1. For the chain, with a Gaussian network of springs between Cα atoms less than 10 Å apart, report the residue from 303, 158, 204 with the top mean-square fluctuation.
2. Please give the contour-minus-distance gain from residue 183 to residue 380: 0.36 nm per residue of separation, less the Cα-Cα distance, rounded to one decimal in nm.
3. Can you give me the C-alpha center-to-center distance between the stretch 7-43 and the stretch 77-117, rounded to a whole angstrom?
4. Can you tell me, using C-alpha contacts under 8 Å and at least 6 residues apart, the relative contact order of the stretch 34-165 as a whole percent?
5. So I have (1) 57, 43, 37; (2) 63, 47, 42; (3) 85, 61, 42, and one of them is Cα extents along the principal axes in Å calculated from this model. Which one is it?
6. If you count, for each residue, the other Cβ atoms within 10 Å and average over each peptide, how do 115-125, 37-47 line up from highest to lowest?
7. Between the stretch 201-239 and the stretch 320-348, what is the C-alpha centre distance in whole Å?
8. Cα atoms only, the stretch 317-400: Rg and Dmax in Å?
Amino acid sequence: MSSRPSYVWAAALLSGASALSFFDRQALSVLAPTVTAELGMTNADYGRAVSAFTLAYCVMFAVGGRLIDRVGTRTGLGLSVAFWSLASALHATTRSDAQLAFFRLLLGVGEGACFPAVARGVVESFPERQRALAMGIATTGASAIGAVLAPPVIAWLALAAGWRAAFLATGLLGALWTLGWFAGYRAPAICGSLGSSGMPGPWAWRRLLRLRSVWGLVLTRFLLDPVFYIYMFWIPQYLHQERGASLSEIGALAWIPFLTLGMSSCVGGAVSDWLVRRGRPLVEARKLVMGAAAFLTPVSILALWAPNSLLAVLLLGVLLLAHGFWMTNYMALTADLFPAATVATVVGLAGMAGGLAGFAANLGTGYLVDAMGFAPVFIACGLLYPVGYGVIVLSVRRRA
């Protein structure tokens, strides 16, 4: 077994990949008012570009998850980050809405394997009683750090050197991470060397698709991933169009909801791990925290009537606060339900379903906002989590 510093280094690198994925995809949403104005794009054009990312992302979530379970975390995640970093840098060459959509598609291809790989890396590295907190830090929490940093950093880069330079910087960060990853990552494999001779491989698709718990996890992501995609890609547009915010004001405000996400991701993991240590069964502990989170999300709808931009952003942040509790325990629940060699496959399958729904939602959001504004979008977002929790309660009852 590796020494404790190996686990710390593994956790840091996995968290770094998660943070980079959100930083890179968030760059366009921060720059959307500037880029769409320069390229002469409508909200519908922007929605198509965003949807190109989510379509590729959702397909590669399933394909990438299966590949990660075949080739291992080190090779799979390293190649994934290298590819998407190149795609992110290519955004700097954009001259039309069609080119922007194509580069977003490439970004989605690269990022699709990220979270299946990170989830598997956590399972390789941490025991069950610590896994929810580790999952929260390495996936949702670290992702939130990337999303928190993106608005002020990207806005500052764009104001100082232009929006094209901002995209080049995201590619450079990814290249540096890739070098560190291949130089320093060796899976601690607390659950055993998953790719070694004699260890079981991932479960067959036929076996997985017979399980009600798999369908419940997939349906929940289908319902709720569109909410997160909308918050990630449309809050800057909302602030600009509905609240009159400038690029600098977007940089000052758009990170706040994601800070609440990062904080709640870590706390939510710690709470359910504490419940497990107090004797609660794993599945019950995860579901308790998810239920509390689900019924907090409708508060976010009040943002529509907030008297100023800051209060609106804080109220929208309530949903992402709840999402942090929810998603950390959703990921931990998935890791609890299935053996380590199958986790990336299940995460990928569910993520594909969520991505397909996110693709449709982002495509439709552009047209809906042009026609009716943001009110119906945020109302739907605030009401979907209780529905998702009902699906979890009915479908996930015990370990596979």
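Here, each number is a calculation from the coordinates, and none is a lab measurement. Keep in mind the model is a prediction, meaning the values are calculated, not measured. Virtual Cβ from ideal backbone geometry, glycine too; neighbours counted across all protein chains shown.
1. Ranking 303, 158, 204 by mean-square fluctuation puts 204 first.
2. Details: separation 197, 0.36 × 197 = 70.92 nm, distance 4.52 nm.
Separation in residues times 0.36 nm, less the Cα-Cα distance, equals 66.4 nm.
3. Centre-to-centre (Cα) distance: 10 Å.
4. 30 percent
5. This structure yields the entry labelled (1).
6. My ranking of the peptides, most packed first, is 115-125, 37-47.
7. Taking the Cα centre of the stretch 320-348 as reference, the centre of the stretch 201-239 is 10 Å away.
8. Just the Cα atoms of the stretch 317-400 yield Rg and Dmax of 15.4, 47 Å.
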